[in-house]
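Every read-out reported here was derived from the displayed coordinates using simple, explicitly stated rules and does not represent laboratory data. Predicted model only: the values in this text are computed from it and were never measured. As a convention, Cβ positions derive from the backbone with ideal geometry for all residues, glycine included, and neighbour counts pool all protein chains shown.
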Amino acid sequence: MLGHGGGKQLAQIVEEAERLLRRWEYGVRADGGLWIHPAGPVLETRELGTFLRLLADIFAEDAPAEVVFDLSAIEYLGPRWTVALAMFIDFAQRVNAPCRIAGIEGQPAAVASLYHRSPQVRALLSGRDAALVTKERQIA
């Protein structure tokens, strides 16, 4: 049983969870793949970590055919962008399904370009987005 302040704390936790879920659109494709689109323009590492942990728990037993993270609305991964990229890699390794990131431009593409030599990062990027990462690398 929760103490005197427990109900208020629980209400805050539920509010935060609802706020988090409202910032993410997701759907199941006809082929069994999962499409995930976070609202932008900023994707904080705390929010990303919470969402990816939830997904990993949901798909622990029965993974989708593929997971696609559409980051087209994201202008800024921050403030710990290296951690955000590591979270995507960790999720891709934990879930028994192909995972990729689509729709990256600007700062997220520049972040990925720093690690483009990593086979894990290359595996996450689709063809079009890998080309954008290469372009960002050439500009930098």
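In what order do ILE36, ILE13 fall by count of nearby beta-carbon atoms within 10 Å, going from fewest to most?
ILE13, ILE36
Between GLN9 and TYR26, what is the label-to-label distance in nm when each label sits 7 Å out along the Cα-to-Cβ direction?
Each label point is offset 7 Å from its Cα along the Cβ direction, giving 2.7 nm.
So which residue, out of ASP62, ASP70, ASP90, gets the largest mean-square fluctuation from a GNM of the chain using Cα contacts under 10 Å as springs?
Result: ASP62 has the largest fluctuation of those listed.
For an R0 of 22 angstrom, estimate the FRET efficiency from the Cβ-Cβ distance between GLN93 and THR50 and round to the nearest 0.05.
0.75
Just need the relative contact order of the chain here, percent rounded to a whole number, with Cα pairs under 8 Å and 6+ apart.
Reported relative contact order: 20 percent.
So if each residue of separation counts as 0.36 nm, and I subtract the Cα-Cα distance between ALA65 and VAL83, what length gain in nm does that give?
The ALA65-VAL83 span can extend by a further 3.9 nm.
Could you tell me how many degrees, from 0 to 90 and to the nearest 10, lie between the Cα long axis of helix 45-58 and the main elongation axis, the longest principal axis, of the Cα atoms of the chain?
80 degrees
If you line up the long axis of helix 81-94 against the longest principal axis of the chain, both from Cα atoms, how many degrees apart are they, to the nearest 10?
With both axes taken from Cα atoms, the answer is about 80 degrees.
What do you get for the angle between helix 127-139 and the principal long axis of the chain? Use alpha-carbon atoms, 0 to 90 degrees, nearest ten.
That works out to roughly 70 degrees.
Once you have the alpha carbon radius of gyration of the chain, what is it after dividing by 2.2 N^0.38 Å, with N set to its residue count?
1.14
Roughly how many nanometres apart are two label points built 7 Å out from the Cα toward the Cβ at ALA17 and GLU75?
It is 3.2 nm.
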